[in-house]
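The values are calculated or read from the model by the stated rules, or taken from the named source; none is laboratory data. For clarity, every value in this text was computed on a predicted model and none was experimentally measured. Backbone-built Cβ (ideal geometry, glycine too); neighbour counts: all protein chains shown.
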Amino acid sequence: MPRPQLPSVTAGPAFGAGLRRGSSVSPWRSAAIFAGGYLVVCLPYIWFSGRLAAALAPDVGSLETIERFKGQIFVLLSGLLLFAVSYFYLRRIRDQEEAILDRERSLARAEHVAMAGVLAASTCHDTNNMLMAVRGNLELLADEPGLGTEARELADRALTNCDRAAAALKRLMDLSRGSLPGRAERHALAPLIQEILALGSRHEAVRPHLLGSDVPPDLVATINAQLLTGALLNLLLNAGEAMAEPGEIRVVAKALAGAVAVEVHDAGPGVPAGLEQQILTPFFTTKPRGTGLGLLSVRACALEHGGMLEVGPSPLLGGALFRLVLPQRPPGPAD
């Protein structure tokens, strides 16, 4: 079965061609500023203190004593300055790492809750489809002209129970959807996607690869940011694990007619032919220790936005392409 051919992608203006990991402050610039400041303070101090020592010392012995004392003060003050600067930067790094860990824990908790809702909704949906098939067969049976009175009553009773079961499944689906985090709001996609890339770049499966994005800087969309963040992180991890050698992963976003498309391209082997739809079903996985729920959550993100998830070959990088098509609607809770 051939792969479904998706339309070629016309990327928007480049935004963040390569992801620079780490702090927004350049380490080289910070080091240069510190070294320059150190020289600006120390050189005048050495010159002025040397002139002052020469003026105050009545003889060579006194000059040596003053210079020794001056050197000790210089070492002490330099050590205190280095301690203060090192403490400031190390404290800042620790605070940033703690903030990142807190965010990752929050995302993990939200994803677990959302996954339970996704799995319940998916199971209810599939069960309801099978129930409707059973109901259709019962209706045909009930319409048989030669059916006896008792058999017809049993068929009618079974139809009534089918309707009750369908109503119970609908209530469970509504309840499971209520467990999904966040709400649909207006967001600028460029900074949001850059933040997601920075978060995903810290994962061991993604770290060896080059991350990039093509997102128009003025592209704004009504989305559930929490669901989209979880979906893109799942796609980034899948792409990273699919590539045996270091390669490129690129996120592309663009406006469509009444919708926004968010795409993840990779340079891996691509999705095996014939598995494009099967990989979106619950518990199906090609990984030795996979759960088969990652792509299900991506598909749930698309469905909660009233959109769809498309799978195919990447025209940009030659690997796999996963495209989220998210229709645009006024801000408010996801349907």
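Test L199 against the stated conditions and say whether it is at pLDDT below 90 and not small (G, A, S).
Working: at pLDDT below 90: yes; not small (G, A, S): yes.
So L199 passes the test.
Of all residues in region 238-255, those that are assigned by TED's automatic domain parsing to the domain that holds I196 have Cβ atoms under 6 Å from Cβ atoms of residues that are surrounded by 21 or more Cβ atoms within 10 Å (Cβ to Cβ) and among the acidic types (D, E), 6 or more apart or on another chain, in A239/D266; I249/D266; V252/D214; V252/E263. Of all the numbered requirements in (1) modelled with pLDDT under 60; (2) over 29 Å from G258 (Cβ atoms), E276 misses one, and that requirement is (2).
May I ask you to verify whether I93 is at pLDDT 75 or above, outside the structural domain of C301 (by TED's automatic domain parsing) and farther than 30 Å from V215 by Cα? Steps first, please.
Numbers: at pLDDT 75 or above: yes; outside the structural domain of C301 (by TED's automatic domain parsing): yes; farther than 30 Å from V215 by Cα: no.
Against the criterion (at pLDDT 75 or above, outside the structural domain of C301 (by TED's automatic domain parsing) and farther than 30 Å from V215 by Cα), I93 does not qualify.
Of everything in region 60-110, what is over 30 Å from N234 (Cα atoms) and of a type in the set (G, A, S)? Give them in sequence order. Quick ask: steps written out before the conclusion?
Of all residues in region 60-110, those over 30 Å from N234 (Cα atoms) come to 60-91.
Matches in region 60-110: G61, S62, G71, S78, G79, A84, S86.
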